[in-house]
Amino acid sequence: MSTPITTINMYNNIRKIDFGEKIVFYKFGGPWCKACKDIDKSIECIPDTIVYEINVENADFESFIIENNVCSIPDTIIFYKSNEIRFQGVRNKDEIEEMINTLKNIK
C-alpha cells in the first residue's frame, strides 16, 4: 500500500528521513494512468518497502516536475540509504529487484 505525498514540503521532509535498511519508492504518476497501476503491481511484490505516490497533476509539484524532467509517467525513484536510482515507465519485479541490488552494492 502506498502513501500519498500531497505537498512539496511533505516531500522534502520525507526525503530527510533516515529509513535505515528500508527500500523507499517515490512514484510520480496519476490515478488514471494504467502504466502507474502496472508498476504498482510489480512494487507490491517486493517485501519490506515503503511506497510514496506523488500525483503529477498536483499544482504544488509543478516547478519540481519541470526542474526534475518528469516528462513521462510513471517516473519512479528507488531510494536506499543515500543512494538512488530513477527510471521512467514500467519495470517488472525482476528488473526492480536488480536495481535494488545495484543500490545496495554502491559504497
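List of remarks:
- Spacing of the modelled spin labels on Asp18 and Thr6, each 7 Å from Cα toward Cβ, amounts to 3.0 nm.
- Charges were assigned to the Cβ only: +1 to each Lys and Arg, -1 to each Asp and Glu. The resulting dipole of the chain about its Cα centre is roughly 200 debye.
- Simple Cβ-charge dipole of the range 51-107, Lys/Arg +1 and Asp/Glu -1, about Cα centre, in debye nearest 20: 400
- Unpaired Cys in the chain, meaning no second Cys C-beta under 4.7 Å: Cys45, Cys71.
- Kirkwood hydrodynamic radius of the chain, Cα pairs, Å: 14.0
- By average C-beta atoms within 10 angstrom, highest first, the peptides 89-101, 21-33: 21-33, 89-101
- Hz values of 3J(HN,Hα) by residue in the range 85-101 - Karplus curve (6.51, -1.76, 1.60), Gly and Pro given as x: 10, 10, 8, 10, x, 8, 10, 8, 4, 5, 5, 5, 4, 5, 5, 4, 4
- Here the range 91-107 and the range 26-72 have alpha carbon centers that stand 18 Å from each other.
- Beyond 20 Å in Cα-Cα separation lie the following of the pairs Lys27/Lys81; Lys16/Lys81; Lys16/Lys93: Lys16/Lys93.
- Amide H within-cut-off set for Ile23, under 5 Å, with H built and near neighbours excluded: Ile50
- Each residue of the range 70-83 is assigned a 3J(HN,Hα), and the resulting list reads 7, 10, 9, 10, x, 10, 10, 10, 9, 10, 9, 6, 10, 10 Hz, derived from the Karplus form 6.51 cos²θ - 1.76 cosθ + 1.60 (θ = phi - 60°), x at Gly and Pro.
All of the numbers you see were taken from the coordinates with simple rules; none came from a lab. In this text the structure is predicted, and so the values were computed from the model without any measurement. So basically every Cβ, Gly included, is an ideal-geometry build from the backbone, and we count neighbours across all protein chains shown.
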